Amino acid sequence: MLKKVGIALFAAAVVTVAVIYVMVPDEAALKSLIVERVSGQTGREVKVGAVSFSLDGKAKLVVQDLSIANAAWAREPVLLRASRVEVVVELMPLLEQQLHMRDARADNITVNLERGKNGERSWVFKQAAGDDVAPASRLDRLTVFNLALNYFASGEALRTEIAEVSLNQSAGSPTVQNFALSGTLGGTTIQVNGTLDGLARFAQQKGPLGAKLNATFDQLSVNVDGTLSQSSQLFVVQAEGKLPKALVSSELPVTASANVDLKWPRVNATDLKFEALKSRGVGDVLLDLSRDKPHVSGSLVFSELRLSSAEDSKPGPRIFSEQPVDFSALRTFDGDLVVNAAKVIADPPFNNFSAKAVLRNGELQLSNMIAKTLGGTVAGSATVFAKAPQYALSVNLELDGLAASALSDLAAGPLDGEIALSARGNSPAEWAATSNGQFRAGLGKGRIRARTADTLTGGVMAIFDALTKNSEWVELNCAVMSFDLKKGKAVSNALVADMSNATLVGEGYVNLGKEELALLIKPHPKGVTLNVAVPLRVTGPIRNPQYALDEAAAARRVGGVLASIVFPPALIAAFADIGYESSGCLPGEAAQSTASAAAAGAKIASDASATAAKAAGAAANEAGKILDEAGKVTGQAAKSASDAAIKAGKVVGKAVNSTLREVGKGLKSIFGN
């Protein structure tokens, strides 16, 4: 930026030298000389208004309405326009070919810089051969008021409004100037202070310009230390503070450092180290300001990428937060980045994450995503549409070998699946309520907690020990679930779990927008120990669901058990799943389960009385009086069994409700409570 502002200073210096050398008192001749000299140095058309010149120990030149034409191909016809330029020059140094500018001031300057389609730069002049080189220069003080610096590339403009620029000679060194600037850049307040070393020799292309500057952009502080030469501009840059609100609507603390090679309009940052949102990383990036939007390319490697914090993990009133998510920064630049992260802090956490990120006009595409999580792998793609007024998302993921035990302590086994979702809105709650797509998952051979299995199959605590043989777990052959989502409502089209003792078939829906569910789980027992199995209803809020048996089905099922005790023992064999063929998960294992069930049925048929007594033993302990009454009315077995079933059902229900509460606690843990 200083180099561009120097165009005006250089032109003013040339004018001053010309006037002092020739000492022309006539205004018309003076104007002609100014135009000739500046045009010769720039190769551009030059226009000036009123001109005045005075001598009083110092030479003072004032030029009104100075303008220098832009390149012929540029969109703006004028490269530089100044309403007033005033330069005061010491006379004696001129005798030794030294230009000592005591004071220079410029008011109301507009500078239009433009890069062409083929990389041409409108501020590069073609100096005529044989032109004199400006004498060695010294500038004691420069003040610029109301500078508008505009940069155009590919039809877009980057505008900077600078209220004041000052450059003062340092008392400690003849080559060092103190520099200060204040203004706005894209709506962001900027302040720059520091020193420049070797401005004169840099202007004469005899050496580099050293710069030590501190710049503030709102609450972001940036320190710059480096040198500029004709071929390169190398700096060490350190930044700390909060990103300007012109880039992000919410406060974003950052700390960064990098080695910067500036070849305008490209900024190459190497050995980049940064920390933002409690995330840390390194990388190499290139910032290209010659495109329609600032463009960032390169690679970033995070040692830790934090997507959630301890505060985020605290459960709130909703599973899906209503707090808006800010993607507005994605509209301010474009980019092509390769992102890697050793650790991603999220719920659940990820390791060895990698993805290719492409950002165009507010649309972020993440492709080739892959990460390790929950003992398995997640891979796929995602898109974020950050266009106002409403964001949109789409996600396609494949789950491979995730450990179900890492999601909940209720089950264990390898989990595979596919997720394809799209949603709109500005918060997770809105995304949940508008989601459309599909979710498919399968759980391979594993196990499920016995108390959970007992509850889901409608079993009661009274037969718990007989069912599990005091084991904490029940064998799980496999489980499959499939949901279709439309406007936030996920409706099941497959919900099956095949265990060693029963097969569960479910149906219902989960409403993500309202955060509630309604599921009906129907058990199909594989042995007599589950003859009291009845459908289970799971309803209410996802975080606090209610579990209840289908009362009518419970009465019918228990009635059948009691009738089997009263009537011929062979009737109990009907409860063995002899006709069971497949759970729909693993046909081979299902067939094996069928054979086991048939064998169990034959054994039961040979000794039905003993088996029935064992199956109903615990229920009989709770309902002894009811069973005694049923035994006394053998002559009226049907009626007695019916009455006993109703009463025993209440006892069974009480025992099951106790178990349900325990399982409910485990299920709730999946959702953060």
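Just wondering, is there one or more residues in region 211-231 that are exposed (fewer than 15 other Cβ atoms within 10 Å of the Cβ), of a type outside the set (A, V, I, L, M) and closer than 25 Å to PHE145 by Cβ?
yes
Please find, within region 59-76, the residue that is modelled with the lowest pLDDT out of those that are surrounded by fewer than 16 Cβ atoms within 10 Å (Cβ to Cβ) and under 25 Å from ASP103 (Cβ atoms).
Among them, the one singled out is VAL62.
Quick one: is LEU272 closer than 28 Å to VAL339 by Cα and crowded, with 16+ Cβ neighbours inside 10 Å?
For LEU272, the condition - closer than 28 Å to VAL339 by Cα and crowded, with 16+ Cβ neighbours inside 10 Å - is met.
Please name all residue pairs, on different chains or six or more residues apart, with Cβ atoms under 7 Å, provided the first residue is in region 396-419 and is more than 17 Å from ALA371 (Cα to Cα) and the second residue is among the hydroxyl-bearing types (Ser, Thr, Tyr) and crowded, with 18+ Cβ neighbours inside 10 Å.
What qualifies is LEU410/THR452.
Given the residues ALA355, ALA371, ALA382, ALA386, which is the only one that is out of contact with any Leu (no Cβ under 8 Å at 6 or more places or on another chain) and not basic (Lys, Arg)?
Only one candidate qualifies: ALA371.
If LEU247 passes every condition in (1) over 24 Å from the mean Cα position of the chain (by Cα); (2) within 20 Å of ILE162 (Cα to Cα); (3) modelled with pLDDT under 75 but one, which one does it miss?
Every listed condition holds for LEU247 apart from (1).
For region 482-509, name all the residues that are open to solvent by 30 Å² or more (accessible area, probe 1.4 Å) and within 29 Å of the chain's Cα centre (by Cα).
ASP484, LYS486, LYS487, LYS489, VAL491
Working only within region 99-116, note down all residues that are open to solvent by 30 Å² or more (accessible area, probe 1.4 Å), more than 20 Å from GLN177 (Cβ to Cβ) and touching a Ser or Thr at 6+ places or on another chain (Cβ under 6 Å).
Residues satisfying the conditions are ASN108, ARG115.
From the list ALA269, ALA276, exactly one residue is modelled with pLDDT of 85 or more and on the phi < 0 side of the Ramachandran plot. Which is it?
Exactly one of ALA269, ALA276 is modelled with pLDDT of 85 or more and on the phi < 0 side of the Ramachandran plot, namely ALA269.
The values are calculated or read from the model by the stated rules, or taken from the named source; none is laboratory data. This one's a predicted model, so the numbers in the text were calculated from it and none came from an experiment. With ideal geometry, Cβ positions are generated from the backbone for all residues, glycine too; neighbour counts draw on all protein chains shown. Accessible surface areas use protein heavy atoms only, side chains included; no ligands, DNA or RNA. Shrake-Rupley method; radii C 1.70, N 1.55, O 1.52, S 1.80 Å.
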